[in-house]
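So the structure is just underneath, and the comments pick up after that.
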Amino acid sequence: MECKDINHECTDEIVCPFCGQEFTDSWEYGDDEALGLIECDECGKSFYASREVSITYSTRKANYGTCKNCKDENVVIESYHSSIGRYSGLCVKCGRAEKQRLRKKYIDSIR
Ligand SMILES: [Zn+2]
Ligand SMILES: [Zn+2]
């Protein structure tokens with residue numbers, strides 16, 4: 001694709017092809033891919049806009065097992081790795097509590 005002086009193709013926001021005005025609320029226009037005729041409030045000229053969306057979904061199976069902490073069986077087991085700490089083999093509920101504990105510990109450590 002050739003870039004002319006005003007970059008108005010495949011942009012994050014609607015960009016007026018006449019004056020280059022960027023619409024910061026592009027998502028408010030239309031509700032499907034064809035946004036129709038839009039009037040630029042900067043230069044007053046009208047142009048057609050379309051939205052190029054590509055939404056994809058992917059899924060992956062949750063792991064089931066026994067929580068290391070509360071010993072609940074056949075529950076979703078999660079692992080967590082981040083800069084504040086890590087855990088593995090905890091159910092969602094225990095994982096959440098552990099995440100809070102790690103976060104608190106981390107905040108205390110940088111104080
Ligand atoms: Zn304009
Ligand atoms: Zn648990």
Practice task
Kindly check whether there is at least one residue in segment 95-103 that is over 18 Å from E9 (Cα atoms) and in the same structural domain as E9 (by TED's automatic domain parsing).
Solution key: no
Practice task
Find all pairs meeting these conditions: Cβ atoms under 7 angstrom apart; at least six residues apart or on different chains; first residue within segment 88-106 and within 17 Å of C67 (Cα to Cα) and within 12 Å of ligand 2 (Cβ to nearest atom); second residue charged (D, E, K, R) and modelled with pLDDT of 95 or more.
Solution key: G89/K68; L90/K68; L90/E78; L90/E98; C91/D72; V92/E78; G95/E78
Completion exercise
Residue count, segment 5-17, condition within 12 Å of I38 (Cα to Cα) and part of a loop (DSSP other than H, G, I, E, B), comes to 2
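Mind listing just one residue for me: the one in segment 20-77 that is closer than 30 Å to G95 by Cα and more than 16 Å from ligand 2 (Cβ to nearest atom) and, of those, modelled with the lowest pLDDT?
Initial filter on segment 20-77 (closer than 30 Å to G95 by Cα): 55-77.
Pick out the ones that are also more than 16 Å from ligand 2 (Cβ to nearest atom) and you get 55-61.
On the way: I55: 72, T56: 81, Y57: 84, S58: 88, T59: 88, R60: 91, K61: 93.
Among those that are closer than 30 Å to G95 by Cα and more than 16 Å from ligand 2 (Cβ to nearest atom), it is I55.
Going through segment 40-82 one residue at a time, which ones are within 16 Å of ligand 1 (Cβ to nearest atom) and in contact with a Leu (Cβ under 8 Å, 6 or more places away or on another chain)?
Residues satisfying the conditions are S46, F47, Y48, A49.
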Exercise for the section: Any residue in segment 51-66 that's of a type in the set (D, E): show its pairings with residues that are surrounded by fewer than 11 Cβ atoms within 10 Å (Cβ to Cβ) and outside any strand (DSSP E or B) at Cβ separation under 7 Å, as long as the two are six or more apart or on different chains. Expected result: E52/C10
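What strands (runs of 3 or more DSSP E) completely inside segment 35-111 contain at least 3 residues that are closer than 30 Å to F23 by Cα and more than 24 Å from the chain's Cα centre (by Cα)?
Values: elements: 46-50, 63-65, 75-82, 85-91.
Where strands (runs of 3 or more DSSP E) fall fully within segment 35-111 and carry at least 3 residues being closer than 30 Å to F23 by Cα and more than 24 Å from the chain's Cα centre (by Cα), they are 46-50.
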Handout entry: Odd one out for T59, checked against (1) exposed (fewer than 14 other Cβ atoms within 10 Å of the Cβ); (2) β-branched (V, I, T); (3) in contact with an Asp or Glu (Cβ under 9 Å, 6 or more places away or on another chain)
Key = (3)
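Kindly establish whether Y80 is within 16 Å of ligand 2 (Cβ to nearest atom), among the hydroxyl-bearing types (S, T, Y) and surrounded by 13 or more Cβ atoms within 10 Å (Cβ to Cβ). Outline the logic, then answer.
Working: within 16 Å of ligand 2 (Cβ to nearest atom): yes; among the hydroxyl-bearing types (S, T, Y): yes; surrounded by 13 or more Cβ atoms within 10 Å (Cβ to Cβ): yes.
Criteria met by Y80.
The values are calculated or read from the model by the stated rules, or taken from the named source; none is laboratory data. If you're wondering where the values come from, they're calculated on a predicted model, not measured in any experiment. Every residue, glycine among them, receives a Cβ derived from its backbone with ideal geometry; neighbour counts consider all protein chains shown.
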